[in-house]
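The values are calculated or read from the model by the stated rules, or taken from the named source; none is laboratory data. This structure is a prediction, so every number in the text was calculated from the model and none was measured. Because the Cβ atoms are built from the backbone with ideal geometry, glycine has one as well, and the counts that use them run over all protein chains shown. Side chains are part of the model used for accessible areas, which takes the heavy atoms of the whole protein and leaves out ligands, DNA and RNA. Shrake-Rupley method; radii C 1.70, N 1.55, O 1.52, S 1.80 Å.
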Amino acid sequence: LTGHYPCVRAEYVRVPFADVCPTKVPEGLTDEQVLFLTDIFPTGFQGAKFAEIEDGDTVAVWGCGPVGQFCIRSAQMLGAGHVVAIDLVPERLALAAAAGAEIINFEKEDVYERLNQITKGRGPDRCIDAVGMEAHGHGTWDSIADRALAATGLGTDRCHVLRDCLRNVRAGGTVSVSGVYGGFLNMVPFGAAFQKGVTIRMGQCNVLNYMDELMKAIEEGKIDPSFVITHRCGLEDGPKMYEKFKKKQDGCIKVVM
């Protein structure tokens with residue numbers, strides 16, 4: 001790192017794991033119930049927390065992959081009155097619907113029009129981007145421009161979902177970003193967000209910050225995180241399962257090895 005960032009200095013110190021993560025797994029919980037406390041459950045929960053959900057809010061979640069699924073259920077745990085899940089993959093939409101979310105397949109209908117219909121023209125109170133820098137956009141003008149800019153080296157991230165969140169959220173609402181962004185963003189409607197008085201919260205998840213709270217939620221039966229597992233395999237099948245997940249084959253949403 002120091003070759004490119006002279007101000008950065010890295011040091012490594014061995015610390016007992018128990019000192020870093022004092023959380024204990026209660027008796028009676030399975031490995032699969034607590035496994036996702038290491039990443040995707042806290043990430044989805046933080047996404048919902050950052051959305052500043054109030055009782056009865058309408059929450060729209062873009063992306064129904066593993067993190068998006070936990071955003072949906074976390075939003076419900078935090079008091080959302082109506083959760084709308086947006087994706088195009090049938091098995092992901094089905095899993096979101098099983099949790100009680102209303103679903104929108106953006107390949108088949110206009111997201112803006114449908115959300116306006118659902119909210120009677122007001123827009124969702126909270127919008128969560130659980131997609132990040134590799135949004136499909138499905139042939140929208142901005143997604144086509146994103147790909148062209150990336151191909152010519154003039155752009156990096158495909159941020160269609162972030163634009164969609166800023167476009168759809170109601171005036172005075174909140175946009176929470178759980179999806180990862182890595183570069184410089186083009187054509188972000190910042191002026192529109194400013195005019196609407198939108199709050200934007202984002203960032204990498206502080207997993208340890210939520211671990212005790214979420215462990216308690218599991219123990220109390222408020223959620224069973226193992227719902228997201230669709231495939232189990234040995235380590236030797238890892239490459240094959242990564243390929244299956246990438247190509248969205250066999251209803252693959254989350255693999256446990």
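Determine the pairs where a residue that is open to solvent by 100 Å² or more (accessible area, probe 1.4 Å), located within region 226-244, has a partner that is not in a strand (DSSP E or B) with Cβ atoms under 7 Å apart, the partner being 6 or more residues away or on another chain.
So the pair list comes out as L235/M257.
Collect the residues in region 107-136 that are in contact with a Lys or Arg (Cβ under 7 Å, 6 or more places away or on another chain) and small (G, A, S), keeping them in residue-number order.
Of everything in region 107-136, those that are in contact with a Lys or Arg (Cβ under 7 Å, 6 or more places away or on another chain) and small (G, A, S) turn out to be G123, A135.
Can you pull out the residues in region 131-175 that are touching a residue at least 24 places away in the same chain (Cβ under 8 Å), of a type in the set (K, R) and not in a loop (DSSP other than H, G, I, E, B)?
Passing the criteria: R158, R163, R167.
Evaluate region 124-138: report whether one residue or more is modelled with pLDDT of 95 or more and surrounded by fewer than 20 Cβ atoms within 10 Å (Cβ to Cβ).
no
Counting just the residues of region 47-73 that are assigned to a helix (DSSP H, G or I) and open to solvent by 10 Å² or more (accessible area, probe 1.4 Å), which one comes out farthest from Q204 (Cα to Cα)?
Among those that are assigned to a helix (DSSP H, G or I) and open to solvent by 10 Å² or more (accessible area, probe 1.4 Å), it is R73.
Within region 177-213, track down each residue that is hydroxyl-bearing (S, T, Y) and outside any strand (DSSP E or B).
Those that are hydroxyl-bearing (S, T, Y) and outside any strand (DSSP E or B): S178, Y181, Y210.
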